[in-house]
Structure formats: C-alpha cells, structure tokens
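J.: Take this structure first; my questions come after.
The values are calculated or read from the model by the stated rules, or taken from the named source; none is laboratory data. These numbers were taken from a predicted model, which means no experiment stands behind them. Ideal geometry is used to build each Cβ from the backbone, glycine not excepted, and the neighbour counts take in all protein chains shown. For accessibility, only protein heavy atoms count, side chains too; no ligands or nucleic acids. Shrake-Rupley method; radii C 1.70, N 1.55, O 1.52, S 1.80 Å.
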Amino acid sequence: MKSKTDKTKIVLAATGASGVKLSLSFLKIILQSKSVEKVYFLYSNAAFEVYRQEEGCSLGKVLKKIENEKLSVYKEEFLSAEISSGSSFFSSMVILPSSMATIGAIASGASDGLIHRAADVCLKEERKLIICPRETPFSLIHLRNMTLLKEAGATILPFIPQYYTKPKTIKDLENHFFKR
C-alpha cells in the first residue's frame, strides 16, 4: 500500500492536437519536483508531426536533450510498456494536449495504443486522469465524449488562458495553468 510519503509516478501523454510544446513545458516542471519519482512520457505519431510543424524541429531530438533518470519515453505503439497494465502502479495521467480522436477512443474504450491503454487503466483502476483538450469549437460528439469521460471519473481541463493574472508572456499563462 502506498503511503503519503511515497514518491509519485506520473504518466504524461502528448497527442496530435496543437500545443505539444505545452506538454514539454509541463514535463520539465514535473521532472524538477522532488515528490515525483518517475515520469512516463508517451507521444503519438500525430504529436510527433504536429510538433515538427509548429516548432520546426523533431520532438525526438528535443526529448533526447531532456536527460533525466526519472524519465522514460514511449511511442504510442509500445504496448508492452509496464503502464499498459493495471498491475503496474502509477498515480495519475495527464494528456496534454489531447486531440478529439484520443478523447473519442478513450470514451469508447477502444485501446489501440499505449496512450489509450494507459488512460483506460486510469479509469478502470480509479486513478486520476486529466484530459486537456486543445481543439475548438466542440461539436456535440466532442461534448458527449467528454461527458462520458467525466462520468467515468476523468477531469476535463482545457488550456484556457486566465487574463486576470495579468500575464506578460505566454510562459506566464502556461505557469498559471500548470498550478491547477
């Protein structure tokens, strides 16, 4: 049984919605946390492509530069990763950014990749699952899928900037969001 003093294992996933850079910013923050023992970073093929288009460089090269003994990186195809099983303990999962395709797959129970399977493990084991959708506007199908996930125990947390904090930079907006 885990005690409150045990360190945390977190799964962070990036999918093919705009804003994969947000995931990398959050990754750096949680890797610096003394209470985090292990971070599993998962990325979809679509996230890899979106990052290349938005940032002009390879996500793989950027991840190689983030050297940290706490970090394990997996592509979505790697279904034999320990986190694909409910017998492997991790405390929570954050999908940032989450595409509507990912939300739809998880809401329907279609676990065809490691990201979907790890999210499914969170739901069935009643672990914390935070989904950060980045596509807009939402269609009725999107809203229904998010409602299904909320009813199943997930937290739906879109990246919506808060201007009352008087941010001066995009980093200020990100940092306020990550404090949630």
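J.: With springs only between Cα atoms under 10 Å apart, run a GNM on the chain and tell me which of V20, V62, V36 wobbles the most.
T.: V62
J.: While we're here: Only sites in a loop by DSSP and with at most 10 other Cβ atoms within 10 Å count here; which GluC sites (Glu not before Pro) in the stretch 69-111 make the cut? Could you put the intermediate results ahead of the total?
T.: Values: sites: E69, E76, E77, E82; in loops: E69, E76, E77.
Filter output for the stretch 69-111: E69.
J.: Can you give me the C-alpha center-to-center distance between the stretch 1-74 and the stretch 94-121, rounded to a whole angstrom?
T.: Cα centres, the stretch 1-74 to the stretch 94-121: 16 Å.
J.: Tell me the mean residue ellipticity at 222 nm calculated for the chain from its helices only (DSSP H runs of n ≥ 4, each -39500 (n - 2.57), averaged over every residue, nearest 500).
T.: Values: 7 runs with 72 residues, N = 180.
Mean residue ellipticity, 222 nm, calculated: -12000 deg cm²/dmol.
J.: From the Cα gyration tensor of the chain, with a ≥ b ≥ c the square roots of its eigenvalues, which class applies: rounded if a/c is under 1.5, or else prolate if a/b is larger than b/c, or else oblate? Each step should come with its number before you reach the end.
T.: Working: a/c = 1.23, a/b = 1.05, b/c = 1.17.
Cα axes put the chain in the rounded bin.
J.: In square nanometres, what is one fourth of the surface area of the convex hull spanned by the alpha carbons of the stretch 77-119?
T.: Mean orientational projected area (the stretch 77-119, Cα hull): 3.1 nm².
J.: Using the Cα atoms of the stretch 32-118, I'd like the radius of gyration and the largest Cα-Cα distance, Dmax, both in angstrom.
T.: Answer for the stretch 32-118, Rg first and Dmax second: 13.6, 39 Å.
J.: Using the Cα centre of the stretch 1-82 as the reference point, and only Cβ charges (+1 on K/R, -1 on D/E), how large is the resulting charge dipole? Debye, rounded to the nearest 20.
T.: Details: 14 positive and 10 negative charges, 78 e Å.
Dipole about the Cα centre, nearest 20: 380 debye.
J.: If the only charges are +1 at each Lys and Arg Cβ and -1 at each Asp and Glu Cβ, what is the size of the charge dipole of the stretch 45-180 around the Cα centre, to the nearest 20 debye? Provide the component values of the computation, followed by the final result.
T.: Working: 18 positive and 16 negative charges, 103 e Å.
Using only the charged Cβ atoms, the result is roughly 500 debye.
J.: Using a Gaussian network model on the chain with a 10 Å cutoff between Cα atoms, which of I160, I131, I103 fluctuates the most?
T.: Of the options given, I160 has the highest mean-square fluctuation.
J.: Also, I was wondering about something else. Can you list residues whose amide H is under 5 Å from V36's amide H, if they're 5+ apart or on another chain and H is modeled 1.01 Å from N?
T.: Under 5 Å from the amide H of V36: T8.
J.: Could you sort the peptides 89-96, 134-141 by per-residue average Cβ neighbour count (10 Å cutoff), highest mean leading?
T.: On the way: 89-96: 21.1, 134-141: 12.4.
Top of the packing list down: 89-96, 134-141.
J.: Find the accessible area per residue for the chain; the probe is 1.4 Å, ligands and nucleic acids are left out, and the unit is Å². Don't skip to the answer; put the middle values down first.
T.: Working: 9800 Å² over 180 residues.
Result: 54 Å² per residue.
J.: When you count, for each residue, the other Cβ atoms within 10 Å and take the mean per peptide, how do 7-16, 43-52, 162-171 rank with the highest first?
T.: Working: 7-16: 23.2, 43-52: 20.0, 162-171: 9.9.
Going by the mean number of other Cβ atoms within 10 Å, highest first, we get 7-16, 43-52, 162-171.
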